[in-house]
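Working notes, beginning with the structure itself.
The values are calculated or read from the model by the stated rules, or taken from the named source; none is laboratory data. On a predicted model such as this, the values are computed, not experimentally measured, just so you know. In this analysis, Cβ positions are derived from the backbone assuming ideal geometry, glycine residues included, and neighbour counts consider all displayed protein chains. Note: accessible area is taken over every heavy atom of the protein model, side chains too, but ligands, DNA and RNA are not part of it. Shrake-Rupley method; radii C 1.70, N 1.55, O 1.52, S 1.80 Å.
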Amino acid sequence: MICPHCSKNLIQRERTERRCSFCRKEFALDPKLDGIGLHDVRIRKVTEKLSDQGRLAVTGGQLAYALQHRGRPPQRFRGDKNKATGLLVPGLIGLIASLALIDAGFGPLLLLFALLLIGLSIRQFVLVGVPAPDISVHSRWTEEEFRTTVLDRWRATYGALPRGLVDGALVPPGPPPAAPALALLCPDRTITAFLRANGYAERHRALLVHDLREVPAGLPLVVLHDASPQGHLLAADARAARPGLRVLDAGLSVRTVLVDQTKYTLLRDLHRPEELHVRLQRAVPGLTGSQLAWFAEGWWTPLAALAPKRLLAVADRAAERITAPPAAGAPAAARTGPVRSPAAGRPENPLETRRRALAVGFMSWPEPEADGTPGGGARPDGPDLRKGPA
């Protein structure tokens, strides 16, 4: 790893007890002890990117998702060629040695051990390419684990979190707006802490709530949710519970994620009750077969894994849309039937319509004059409408 203080590239023995052996300064994280990829330089770089160089305040939960694998995890298989080779080589060596020492007391025992290694090696070779059983995919850390592993240790080492990073559990809720213009419903407290830390509630006079029962009557409602069955059902329940009131679903939809799954953090839950999927099909009829199949496989995407700048922009646009005055009535549908003459205000017959079109050159076909210059006569194979009907 790179020392965050002197930028030396440190091997394991040069960074014992989380201290650089060159500059003798302490650092917070060691990839060997705290998890692959976790070290101070990477945490600083990822935080700078998430917070837009410190312009935004991002939460520890958002940082944890940013360190998560994007897209579907690599396919796992039952067999592994490297393991097979690693078992086969000592197995063959043991087999040869046991045959040479077959008369010795431990020769038969060595032969059995060698045959066992060879058998396990063959099994690994046979199972190469055979998919492993489906497993659930969860975040690398729980919220509490990440706080203990990263945030608390960083504060203990440096005295404060990196610029732009806040502990979501310590963001004060703040007083509710005196005259709220809208309510924003989001069950994820990481998201509401992020919005509060960036002044969303004050900027839009928004009341941030975590449960549909907390939404006051009469307020327009914005719903933010994960791309999950529970998220889509939350938006459907909000609409059903507030008939006649404005409800805007601004959450992450499965349709957006399926456009390119490699750009999103995908988690998997194989233990959803079947009743949840049945209710999803009934309450959200707009979902396609592929979207329902994706949910049925257990996949979902957390809203907190979105880029913070994009997430804040989505929430801002949703607040502006739902508090904007109703748009003027849509223009009247095109009339059917006869067109009225602009001069007389009476129904115009088709011949008059065609004459007026020719007067402004609409759909006319220029013809050459005698001297070869373009003219304005009608096509020779069509009637001359200026003379009236034949």
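When only residues in the range 302-337 that are open to solvent by 100 Å² or more (accessible area, probe 1.4 Å), assigned to a loop (DSSP other than H, G, I, E, B) and of a type outside the set (Val, Ile, Thr) count, which is modelled with the highest pLDDT?
325
With the requirement that a residue be open to solvent by 90 Å² or more (accessible area, probe 1.4 Å) and either closer than 23 Å to residue 159 by Cβ or within 38 Å of the chain's Cα centre (by Cα) (or both), what does the range 6-35 give you?
Passing the criteria: 8, 9, 17, 22, 24, 25, 32, 33.
Starting from the range 216-231, take each residue that is free of Cβ contacts under 8 Å to residues at least 60 places away in the same chain and list its partners that are outside any loop (DSSP other than H, G, I, E, B) and open to solvent by 40 Å² or more (accessible area, probe 1.4 Å), counting only C-beta distances under 8 angstrom and pairs at least six apart or across chains.
From residues that are free of Cβ contacts under 8 Å to residues at least 60 places away in the same chain, the pairs are 223/249.
Which helices (runs of 4 or more DSSP H) does the range 188-301 wholly contain that include 1 or more residues that are of a type in the set (Val, Ile, Thr) and open to solvent by less than 40 Å² (accessible area, probe 1.4 Å)?
In the range 188-301, the matching helices (runs of 4 or more DSSP H) lie at 189-197, 254-259.
Cβ-Cβ below 8 Å, separation at least six or inter-chain, first residue in the range 45-71 and over 14 Å from residue 194 (Cβ atoms), second of a type in the set (S, T, N, Q): which pairs?
Sorted first by the residue in the range 45-71, then by its partner, the pairs are 68/139; 68/265; 69/265; 70/262; 70/265; 71/261; 71/262.
For residue 93, which of the numbered conditions (1) free of Cβ contacts under 8 Å to residues at least 24 places away in the same chain; (2) in contact with a helix residue (DSSP H, G or I) (Cβ under 7 Å, 6 or more places away or on another chain) fails to hold?
Evaluating residue 93 over (1) free of Cβ contacts under 8 Å to residues at least 24 places away in the same chain; (2) in contact with a helix residue (DSSP H, G or I) (Cβ under 7 Å, 6 or more places away or on another chain) leaves (2) as the failure.
For the range 114-152, enumerate the residues that are of a type outside the set (A, V, I, L, M, F, W, C) and either surrounded by 18 or more Cβ atoms within 10 Å (Cβ to Cβ) or touching a helix residue (DSSP H, G or I) at 6+ places or on another chain (Cβ under 7 Å) (or both).
121, 124, 139, 143, 147, 149, listed by residue number.
Quick one: what pairs do we get from the range 118-138, first residue closer than 9 Å to residue 78 by Cα and touching a residue at least 12 places away in the same chain (Cβ under 8 Å), second in a loop (DSSP other than H, G, I, E, B) and open to solvent by less than 50 Å² (accessible area, probe 1.4 Å), C-beta under 6 Å, 6+ apart or different chains?
Cβ pairs passing all conditions: 124/79; 127/79; 128/79.
Across the range 139-177, which residue is nearest to residue 44 (Cα to Cα) among those that are without any contact (Cβ under 8 Å) to a residue 24 or more places away in the chain and part of a helix (DSSP H, G or I)?
Taking the candidates together, the pick is 155.
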